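Okay, handing you the structure first.
The values are calculated or read from the model by the stated rules, or taken from the named source; none is laboratory data. What you are looking at is a predicted structure, and each value in this text was computed from that prediction instead of being measured. Because the Cβ atoms are built from the backbone with ideal geometry, glycine has one as well, and the counts that use them run over all protein chains shown. Each accessible area value is taken on the protein alone, full model and side chains, heavy atoms only, with ligands, DNA and RNA left out. Shrake-Rupley method; radii C 1.70, N 1.55, O 1.52, S 1.80 Å.
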2 protein chains.
Amino acid sequence: MAKLNICVLRLGHREVRDKRVTTHLFLAARAFGADKVMYSGRRDKKLEERIEKVVETWGGVFEVEYQRDWRKTVESWRTEDWEVTHLTMYGLPIQDVIPAIRQSHKDKLVIVGGAKVHGGVFELADWNVSVTSQPHSEISALCIFLHELFQGKELARTFGNAARRIIPQAKGKKVMRRKSGDFLP
Amino acid sequence: MAKLNICVLRLGHREVRDKRVTTHLFLAARAFGADKVMYSGRRDKKLEERIEKVVETWGGVFEVEYQRDWRKTVESWRTEDWEVTHLTMYGLPIQDVIPAIRQSHKDKLVIVGGAKVHGGVFELADWNVSVTSQPHSEISALCIFLHELFQGKELARTFGNAARRIIPQAKGKKVMRRKSGDFLP
């Protein structure tokens, strides 16, 4: 089976108010196995730079892209045969629908709402999925979705070409840094 | 088996900078099955009010409490026989340690770091646990920890005495509101 591609689209980013939440969301997307993130709303070059800096340090291949028009973006990805999942507290419970989503083997575009989600998003999505029907966070919704999609295998993922790597410890911190090709403590 | 009690302690909250992230963290704690959250750093009454408002609307029993001295708090919960888990990207992989944590049946105090985590936290914790060894978010780390601890059963949890309840839909939104004891659309 070919590798499943995952792209996350964050709607309606607000530069000041959402700064840290969108950063956490994009880092969670990367850590839990997405390949790319896109966002609509306000263009925020500092956000993009923060994410690019993390990729440089911690490795892997991961893109950030601004999209002015979320609807055109979703429609064009749909015509490329990507399956669209919208994470929303109003959707169908993840535990009921994740087996079918997993089984489709299509690449996934995962839409994560912002402040006010346009009703059209519910219509454009193949799946409207809830992670609990309770209010919490787009960050927790996204990482549980990816964790369930990959059935936990994403936890053991390694990131190529990293400048820094953590060696897990029972107590304290151990970080290796790459110097001239090799990792050194 | 008695119900497992879970309390989350957020270290070093900063009133302005962490406002939304701590709110999301506490809502995720509630949605994924914790009973209580505590925080150190700056006292933030608006944060407490926001969480209390959510509990009023969406139900369940859930407390928020400020703790000026995190070390005293952790030490006193330890003497009450709570098991202390510290979520940190430097810790042991969750997939390796969660079976042992699950098996202990002790109530859990889960510590989630803030800006700069004091080295003493690593020493006080029974477990230093990482959810991937990559940078992401305390929100994703916490919800994956609780999701793994409860083995996904928390997703189907219901919250008693709610004023509002979502009826999951394939498309669109359906919310029931309690009026004079009954739920009405």
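Work out the FRET efficiency for A:Lys116 and A:Lys53 from their Cβ-Cβ distance, taking R0 = 51 Å, and round it to the nearest 0.05. Show your work: numbers first, answer last.
Numbers: r = 30 Å, r/R0 = 0.59.
For R0 = 51 Å, the calculated efficiency reads 0.95.
Rolling a 1.4 angstrom probe over the protein chains, ignoring ligands and nucleic acids, what is the accessible area of A:Ser133 in square angstrom, nearest 10?
Here the residue's solvent-accessible area equals roughly 30 Å².
Would you mind listing the distances between the A:Lys45 label point and the same position in each other copy? Use 7 Å along Cα-to-C-beta, nm, one decimal, shortest first.
Here A:Lys45 shows inter-copy label distances of 4.2 nm.
Need one value: the accessible area of A:Glu52 in square angstrom, 1.4 angstrom probe, rounded to the nearest 10.
90
Rounded to the nearest 20 Debye, what is the dipole magnitude of region B:51-185 about its Cα centre when Lys and Arg each give +1 and Asp and Glu each give -1 at the C-beta?
Value, rounded to 20: 1000 debye.
List, shortest first and in nm to one decimal, how far the label point of B:Gln151 (7 Å from Cα along Cα→Cβ) is from its counterparts in the other copies.
Computed spacing set for this position: 1.6 nm.
Counting only other chains, what is the mean number of Cβ atoms within 10 angstrom of the Cβ of each residue in peptide B:54-64? Intermediate values should be presented prior to the final figure.
Details: counts 3, 0, 0, 1, 4, 1, 1, 0, 0, 0, 0.
So the per-residue partner count for this stretch is 1.
For B:Glu63, put the label point 7 Å out on the Cα→Cβ axis and report which residues of region B:15-43 keep their amide N under 18 Å from it.
Those under the cut-off are B:26-27, B:29-31, B:33-40.
Roughly how big is the protein assembly as shown's charge dipole about its Cα centre, with Cβ charges of +1 (Lys, Arg) and -1 (Asp, Glu), in debye to the nearest 20?
Approximately 900 debye in magnitude.
Send over a whole-number figure in Å² for the accessible area per residue of the protein assembly as shown, probe 1.4 Å.
Numbers: 17260 Å² over 370 residues.
It amounts to 47 Å² per residue over the protein assembly as shown.
Between A:Val55, A:Thr22, A:Met38, whose Cα lies farthest towards the positive end of the dipole of chain A when Lys and Arg beta carbons carry +1 and Asp and Glu beta carbons carry -1, centred on the Cα centre?
Ranked along the dipole, the leading option is A:Val55.
In addition: Which order do A:Arg165, A:Arg42 take when ranked by solvent-accessible area (1.4 Å probe, heavy atoms of all protein chains), largest first?
Values: A:Arg165 110, A:Arg42 145 Å².
Largest accessible area first, the list is A:Arg42, A:Arg165.
Also, I was wondering about something else. Just want to confirm a number: the relative contact order over region A:54-185, from Cα pairs under 8 angstrom separated by 6+ residues, in percent.
30
Moving to a separate point now. In the protein assembly as shown, carbon and sulfur make up what percent of the accessible area (probe 1.4 Å)?
That share works out to 49 percent.
Can you give the calculated 222 nm mean residue ellipticity of chain A, where each DSSP H run of n ≥ 4 adds -39,500 (n - 2.57) and the sum is split over every residue, rounded to the nearest 500 deg cm²/dmol?
One gets -10500 deg cm²/dmol as the mean residue ellipticity at 222 nm.
Place +1 on the Cβ of every Lys and Arg and -1 on the Cβ of every Asp and Glu in region A:41-156, take the dipole about the Cα centre, and give the residue among A:Leu92, A:His105, A:Val117 whose Cα lies farthest towards its positive end.
So the residue furthest toward the plus end is A:Val117.
With both partners inside chain A, how many of the DSSP beta bridges are antiparallel, as a percent to the nearest 5?
20
Place +1 on the Cβ of every Lys and Arg and -1 on the Cβ of every Asp and Glu in chain B, take the dipole about the Cα centre, and give the residue among B:Cys143, B:Val175, B:Thr158 whose Cα lies farthest towards its positive end.
B:Val175
A follow-up question, please. Relative to the other copies, what are the label-point distances for B:Arg68, with labels 7 Å from Cα along the C-beta vector, expressed in nm at one decimal and sorted shortest first?
Going from nearest to farthest copy, the values are 5.5 nm.
How much length is gained if the chain between A:Arg78 and A:Ile167 is pulled fully straight, taking 0.36 nm per residue apart and subtracting their Cα-Cα distance, in nm to one decimal?
Gain on stretching A:Arg78 to A:Ile167: 28.0 nm.
Here's another thing I want to ask about it. Put B:His147, A:His105 in order of accessible area, largest first, 1.4 Å probe: what do you get?
Listed by decreasing accessible area, they come as A:His105, B:His147.
Give me the accessible area buried between chains B and A, both sides summed, with a 1.4 Å probe, in Å² rounded to the nearest 100. Can you show the working numbers first?
Values: alone 10910 and 10900 Å², together 17260 Å².
Using a 1.4 Å probe on protein heavy atoms, the buried area is about 4500 Å².
Something else now. Calculate the dipole size of region B:55-133 relative to its Cα centre from +1 charges on Lys and Arg beta carbons and -1 charges on Asp and Glu beta carbons; express the result in debye to the nearest 20.
On the way: 8 positive and 12 negative charges, 48 e Å.
Taking the Cα centre of region B:55-133 as origin, the dipole is about 240 debye.
Can you list the residues of region A:111-136 that have at least 20 square angstrom less accessible area with all protein chains present than in their chain by itself, probe 1.4 Å?
For region A:111-136, once contacts with the other chains are taken into account, A:Phe122, A:Glu123, A:Asn128, A:Thr132, A:Ser133, A:Gln134, A:Pro135, A:His136 lose 20 Å² or more.
In a shell of Cβ-Cβ distance under 15 Å around B:Lys116, excluding B:Lys116 itself, what net charge do Lys and Arg (+1) and Asp and Glu (-1) give?
Charge balance near B:Lys116 sits at +4.
Sticking with this one: Could you give the nm distance between label points at B:Gln151 and A:Lys106, where each point is 7 Å from its Cα heading toward the beta carbon?
Taking the two extended label points, one gets 3.4 nm.
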